[in-house]
Structures are given as structure tokens and as C-alpha cells.
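Following: one structure in C-alpha cells, then a few remarks.
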Amino acid sequence: MKQPTQLNLSPATRAAQALHFVNPVHGAVVPGIEPASTFARDGDYQPIGNAVYARDGGPTVDHAEAILANLEGAATSMLFTSGMSAIVALFETLEAGDHVTCPIVGYHGTINWLHRLVEKRGIKATFYDATQDGALAEAITPATKIVWVETPTNPNWDVTDIAAAVELAHAVGAKLAVDCTVTPPCTTQALSLGADIVFHSATKYMNGHSDITGGVLSFAQNSPFVDEIRGLRTLQGTVMAAFEAWLLIRGLRTLYLRFERASESALTIAQHFEGHPKLAAVLYPGLPSHPGHAIAARQMTNGFGGMMSLIARSRAAAQHVATHTQVFIPATSLGGVESLIEHRIAVEGPHSVVKPELLRLSIGIESVSDLIADLEQALDSAP
Ligand SMILES: *Cc1c(COP(=O)(O)O)cnc(C)c1O
């Protein structure tokens, strides 16, 4: 599609228009879905378009990836069936003896996968405390190939300084990969801060409607490493399917609007409940009391997002609140238009290092007064 080249369009505009999409044949302003598993060749036996077979990708996935690369400022974005299949492909590039770093408290799926690679494949991993200054620097070794950081980390929302992590990684020739699921490109562009790879679970803010799973890896530069991951995606059969890519394109059109609303409401809720007698703490990077606030204020340039945690006075109180909300839906996941509450330790299971009193909230786009009233009534009856 011909892009408006004279104007320096803001990313919100590019997202809303799915890169100024108009179907060149009939003018439809919304792309179609191309579910074909195989694609015909021309008279010279060359592929007619970019696609050959759907396990490599196809036109609908290409369009979604073009939007993501555009918003992220990436050379290439690659979509997967889930966040985890993207993470699996990335770490599959490691060889026995290679070393990675990962935060101790972070997304449990990533941590569990790395533990498996350590046990079964001879990969070395150091899990560092993202709340301690200097811990990441200490964790990095000359054998480190991927420095994996997550910011803000789930579910305490500790903030890692991406630009500082880039310097540490590059000093040993490692790649800096950032899980930015909670801080999408409308507020943090990790590649422009120097990261080599940015990861999102597209299940979350990118799609925003809790109706697909997906993952995306975006790369600052094309390289044989990027080609290797694309090859792995084909061999593992983990490319996003056309219907999911189509829903993702639809979701991305409202990313900026949804994120702005979620950020505004989350800040209001965090301010409202900070110091609440039934709570020990409110963890939200947008609050000046949060230890990562100063970095977050620098790095999350357009809102602190919709993720926060409430620390109740006891495990029983947390359980009570998680089961007594009437607006917040008691479910895992995040970044959707509907607000969710979860008693995180119950979801992560017995190996979880999350505080038993912790309630994780994903703030959606509902009326903020309804959300506040709902939490108030659930806390009111808590022990
Ligand atoms: C959900 C999530 C993932 C995993 O993504 P899936 O789409 O569930 O596979 C990874 N990192 C973070 C921070 C997440 O929230």
C-alpha cells in the first residue's frame, strides 16, 4: 500500500490505519484473511507473491508483522503461535556451554523453560535479582550469549534500565533481549534504546481483546541469527495462523487508545488505594513510592501501563478479594479491554516465589469509578 511519505505520521496514526491499508483491487479499508495453506507459482515456476507454504507464513501474517516492525522501529518482526513459542525459538539458538541471564522473579514460563534447557541441554543460566543494583552486571559472563531482561517484571513490576542493560550485554558481545509485554511500543521502544531483540506476548496488549494467543520477536537488524530463528519457526511449525494475525491487525488499530486509557485508569487506581488500611502496599511503577519509578518515568514515555499488584494483609485476605470482585474478572493473563484480578501464587503453583498476599490486577478500559468501587467493596468484606 502506498504510504503517505510527505507526513511524519505518529505511530498512533500508523497503527489506527494498519499502515494506511486500502485493498488495491477493490478498495476495502480492512484487509481480508488469507487462510490458504499453499500458494501457486507463475509460468516461470516462481512464487507469485512472497508465500509458498503457510508453515513459513503468508500474506495476513506478513501484514501484521509489517505493522509491528513499523511501530517497533524494527528491521524484522516475526509472529509466533504464542509468546512461549517465540521464547522457545529464541533460546533454541543456544548451544551447550552458552550462558544466559534471566530475572529470578519474572514470567514463570520463561523461567521454567530455561530451567529445562539447563537440565537437559547443557545451557548455563544465571537468575539475577532485578531489584538489586549491580546484580545483572554480576550475572553476565564472557560466555553470555543472551541477556534476557523483563521490564517491568511480572508481578512486582520491578523496572530494569534497558539502555544500561544494553551496555552490559554488548561489553561481552551478548545480545540484549527485552520482554516488553507489559510496556508495548506506544510507551517503550526498546530497540531505539539499543536492545537487539524485543519480545512481546501478543496475547496481551498488542491484541488486547483476550481472543488470540501470539508472540512476536522484533529485531533491530537483519542477520544470519534472525534467519536462523525464522528457520526454526518453520521447522517447529509455530508461525501464527492467518485468522489470529487478522484479529491481531484489528486489535493493533486501537493499541494506542487502549493503552492510554489503561494507563490513566491504573494510575488513578494506584493513587486511590495507596495507603488503604486493608492493604500493605500498592506496587505500580507510576507511583513515586515505587523503587523503579525514576527509571520507569524515563523509559515509559507515554504511560506506565495497566499492570499493578496489591499486597493484602494476609493470604486469606488476598484470596477473599480475588473471589469477591463483581467487575474485575478472576482470571489470569493481562492487557485486555476487561479488567482481571488474580491471586498470582495460586496460578503459578507450589514453586512460585511470589508473595502469597499478592493480587495482580490488569486494568482494562472500563469506567475507572466502577473498578475502584468494586475493589473497595471486595476489600471492605475482607478479613
Ligand atoms: C504472557 C506472557 C508471556 C508468555 O506469552 P504467551 O502468549 O502466554 O505464551 C511471556 N512474558 C510475559 C511478561 C507474559 O505476560
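The values are calculated or read from the model by the stated rules, or taken from the named source; none is laboratory data. Being a predicted model, the structure only gives us computed values, none of them experimental. Quick reminder, even Gly has a Cβ in these numbers, built from the backbone with ideal geometry, and neighbours come from all protein chains shown.
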Query raised in the report: Counting only residues that are in contact with a strand residue (DSSP E or B) (Cβ under 8 Å, 6 or more places away or on another chain) and farther than 16 Å from Gly303 by Cβ, how many does segment 179-199 have?
Result: 8
Query raised in the report: Looking at (1) in contact (Cβ under 8 Å) with a residue 60 or more places away in the chain; (2) in contact with a helix residue (DSSP H, G or I) (Cβ under 6 Å, 6 or more places away or on another chain), which is the only condition Leu359 fails?
Result: (1)
Report summary line: Reported set for segment 81-106 where residues are more than 21 Å from Ala165 (Cα to Cα) and either part of a helix (DSSP H, G or I) or not assigned by TED's automatic domain parsing to the domain that holds Ala245 (or both) is Gly83, Met84, Ser85, Ala86, Val88, Ala89
Report summary line: Picking from Thr203, Thr153, the residue that is surrounded by fewer than 23 Cβ atoms within 10 Å (Cβ to Cβ) and within 15 Å of the ligand (Cβ to nearest atom) would be Thr153
Query - Near pairs, Cβ below 7 angstrom, 6+ apart or cross-chain, from segment 79-102 (surrounded by fewer than 21 Cβ atoms within 10 Å (Cβ to Cβ) and hydrophobic (A, V, I, L, M, F, W, C)) to any residue that is part of a loop (DSSP other than H, G, I, E, B) and modelled with pLDDT of 95 or more - result: Leu94/Ile123; Ala96/Gly122; Ala96/Ile123
Report task. Restrict the check to segment 133-140 and report whether at least one residue is within 30 Å of Ala15 (Cβ to Cβ), small (Gly, Ala, Ser) and assigned by TED's automatic domain parsing to the domain that holds Thr187. Result -> no
Report task. Could you list all residues from segment 82-99 that are out of contact with any Ser or Thr (no Cβ under 7 Å at 6 or more places or on another chain) and within 13 Å of the ligand (Cβ to nearest atom)? Result -> Met84, Ala86, Val88, Leu90, Phe91
Query - Pick from segment 289-329, criterion of a type in the set (A, V, I, L, M, F, W, C) and within 21 Å of Asp161 (Cβ to Cβ), ranking: surrounded by the fewest Cβ atoms within 10 Å (Cβ to Cβ) - result: Ala294
Requested in this report: Select from segment 261-288 the residues that are touching a strand residue (DSSP E or B) at 6+ places or on another chain (Cβ under 9 Å), crowded, with 16+ Cβ neighbours inside 10 Å and small (Gly, Ala, Ser) and list them in ascending order.
Outcome: Ala262, Ser263, Ala266, Ala270, Ala281, Gly286
Query raised in the report: Within segment 24-59, can you find the residues that are charged (D, E, K, R), surrounded by 10 or more Cβ atoms within 10 Å (Cβ to Cβ) and more than 13 Å from Ala241 (Cβ to Cβ)?
Result: Arg41
Requested in this report: Go through Ala125, Ala195, Ala130 for me and flag whichever is over 27 Å from Leu252 (Cβ atoms), away from the ligand (no atom under 14 Å from the Cβ) and surrounded by 19 or more Cβ atoms within 10 Å (Cβ to Cβ).
Outcome: Ala125
